[in-house]
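Take a look at the structure set out below.
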Amino acid sequence: MNIDETPLQNPGPGEIQVEIKACGINFADISVRLGLYAAARDLYPLCPGLEFSGIVSRTGTGISDFNPGDRVFGVSRFGAYATAINTVPDHLWHLPQDWDFSRGAAFPVAYLTAYYALHHVGHLKQGDKVLVHSAAGGVGTALLHLLKANDNLSAGVVGHHEKVPYARKAGASVVIDKERQPLWETAEQWSPEGYDMILDANGASTLKGSYAHLKPGGRLLIYGFASMFSRSGKKNYLKLIWYYFKTPRFNPFDLTGTNRTISGFNLIYLFEKKSFFREIMDVLLRMDKENLLPEMPVKSYPFDDVAAAHKAMESGKTVGKLVLRT
Ligand SMILES: NC(=O)c1ccc[n+]([C@@H]2O[C@H](COP(=O)([O-])OP(=O)(O)OC[C@H]3O[C@@H](n4cnc5c(N)ncnc54)[C@H](OP(=O)(O)O)[C@@H]3O)[C@@H](O)[C@H]2O)c1
């Protein structure tokens, strides 16, 4: 990555210009930086960044809900690692009064993903027992917050011992520490009958086990492939190819025979569905107002230190969200 200076045009009709104060970092940004993110394939050179917060600096014609000076947060299909962005009202919200810019930049992707996964894709029900992989990360923490708010029991799996208290605090009924405990034996001890839902963004390293630990009627939600990535900051083609072939292909006869469901999704492909983000965000903001969502741990990095933030994310040791402050 380079830090570059480039002029930003005035906002066009129906557009809003935001002076960015903070932007969220997502695991997807690593994939974008390495040139591996399918939705970014034809867009390079590209400014990464899927979420931001800041202050409205100008509005184009036809904008009535936002005014210069408003504190806002939003999502963008790339371009948020910047000091300013032009966006549209569908992708922008007023920042709640008691939120700072870091919280605003850390909120949308993790919670929209988690809510969409649990309620739209996974059809979460009262009494469902849910297993969440990478439970102390950005999406993982949001999933645990939402499961707790819905009174569901959850097993949160973490890859490093230091993350255990974070997953517990986020609301996991039980935490499985993969560094010190055998993952699936421990998961079986806690729920011998299996799980109603398992959320897996690791890919090859856990997918087969996740599928095997669904109850009849259980749902496996696949939404990422983090384990394919090298922790070195570079592409490791050998690992990518090895994990690609190691990724299980599921058998339709087995699926029907055991009443299990497998779903996959990526929010990035839902960006243009106008009402989609707004409906879910309305629910999330209402939950926040009712104090149902605890605060996400957020670590801030200076904008110029983006490389350190990416290195931290790639280490697999971070908890909660990382943000860049401009
Ligand atoms: N499909 C969608 O719409 C969507 C939207 C948002 C995020 N995602 C996916 O959800 C996952 C979580 O995203 P996030 O931004 O919240 O990240 P995160 O969970 O804060 O960080 C990624 C976590 O993945 C685990 N991991 C497993 N293998 C890894 C590896 N080789 N290198 C680094 N970390 C590895 C680590 O946790 P443990 O070791 O504790 O497991 C790490 O902390 C990612 O796979 C991301 O691509 C998908």
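The values are calculated or read from the model by the stated rules, or taken from the named source; none is laboratory data. Quantities reported herein were computed from a predicted structural model and do not represent experimental measurements. Note that we place each Cβ from the backbone using ideal geometry, even for glycine, and neighbour counts take in every protein chain shown.
Under the condition of being within 10 Å of the ligand (Cβ to nearest atom) and assigned to a loop (DSSP other than H, G, I, E, B), which residue from region 139-160 is surrounded by the fewest Cβ atoms within 10 Å (Cβ to Cβ)? If we take residues in region 139-160 being within 10 Å of the ligand (Cβ to nearest atom) and assigned to a loop (DSSP other than H, G, I, E, B), then His160 is surrounded by the fewest Cβ atoms within 10 Å (Cβ to Cβ). Among the conditions (1) polar (S, T, N, Q); (2) within 16 Å of the ligand (Cβ to nearest atom); (3) in the same structural domain as Lys208 (by TED's automatic domain parsing), the only one that Thr261 does not satisfy is (2). Looking across region 239-269, the residues that are under 28 Å from Asp196 (Cβ atoms) and either in contact (Cβ under 8 Å) with a residue 60 or more places away in the chain or β-branched (Val, Ile, Thr) (or both) come down to Thr247, Thr256, Thr258, Thr261, Ile262, Ser263, Phe265, Asn266, Leu267, Ile268, Tyr269.
If I filter region 282-292 for residues that are acidic (Asp, Glu), modelled with pLDDT of 95 or more and part of a helix (DSSP H, G or I), do I get at least one hit? Explain how you work it out, then say what you get.
Kept after step one, since they are acidic (Asp, Glu), are these residues of region 282-292: 282, 288, 290.
Applying the additional criterion that residues be modelled with pLDDT of 95 or more yields 282, 288, 290.
If we keep only those that are part of a helix (DSSP H, G or I) as well, we get 282, 288.
Scanning region 282-292, I find at least one residue that is acidic (Asp, Glu), modelled with pLDDT of 95 or more and part of a helix (DSSP H, G or I), so the answer is yes.
Tell me whether region 50-68 contains one or more residues that are under 24 Å from Ser227 (Cα atoms) and not polar (S, T, N, Q). Walk me through it before giving the result.
Of the residues in region 50-68, the ones under 24 Å from Ser227 (Cα atoms) are 50-51.
If we keep only those that are not polar (S, T, N, Q) too, we end up with 50-51.
Yes; the residues of region 50-68 include at least one that is under 24 Å from Ser227 (Cα atoms) and not polar (S, T, N, Q).
Tell me, which residue of region 161-186 that is away from the ligand (no atom under 14 Å from the Cβ) and outside any strand (DSSP E or B) is nearest to Val298 (Cα to Cα)?
First pass over region 161-186, keeping only residues away from the ligand (no atom under 14 Å from the Cβ): 169, 171, 173-174, 182, 184-186.
With the extra rule that they be outside any strand (DSSP E or B), the set shrinks to 169, 171, 173, 182, 184-186.
On the way: Lys169: 14, Gly171: 17, Ser173: 22, Pro182: 29, Trp184: 30, Glu185: 32, Thr186: 29 Å.
For region 161-186, the residue satisfying everything is Lys169.
All conditions in (1) of a type outside the set (Lys, Arg); (2) within 12 Å of the ligand (Cβ to nearest atom); (3) surrounded by fewer than 23 Cβ atoms within 10 Å (Cβ to Cβ) hold for Ala136, with the sole exception of (3).
Based on what the data block shows, is Met287 surrounded by fewer than 19 Cβ atoms within 10 Å (Cβ to Cβ) and within 27 Å of Ala149 (Cα to Cα)?
On the way: surrounded by fewer than 19 Cβ atoms within 10 Å (Cβ to Cβ): yes; within 27 Å of Ala149 (Cα to Cα): yes.
Spelling it out, Met287 is indeed surrounded by fewer than 19 Cβ atoms within 10 Å (Cβ to Cβ) and within 27 Å of Ala149 (Cα to Cα).
A residue that is assigned to a helix (DSSP H, G or I) and crowded, with 18+ Cβ neighbours inside 10 Å cannot be found anywhere in region 7-24.
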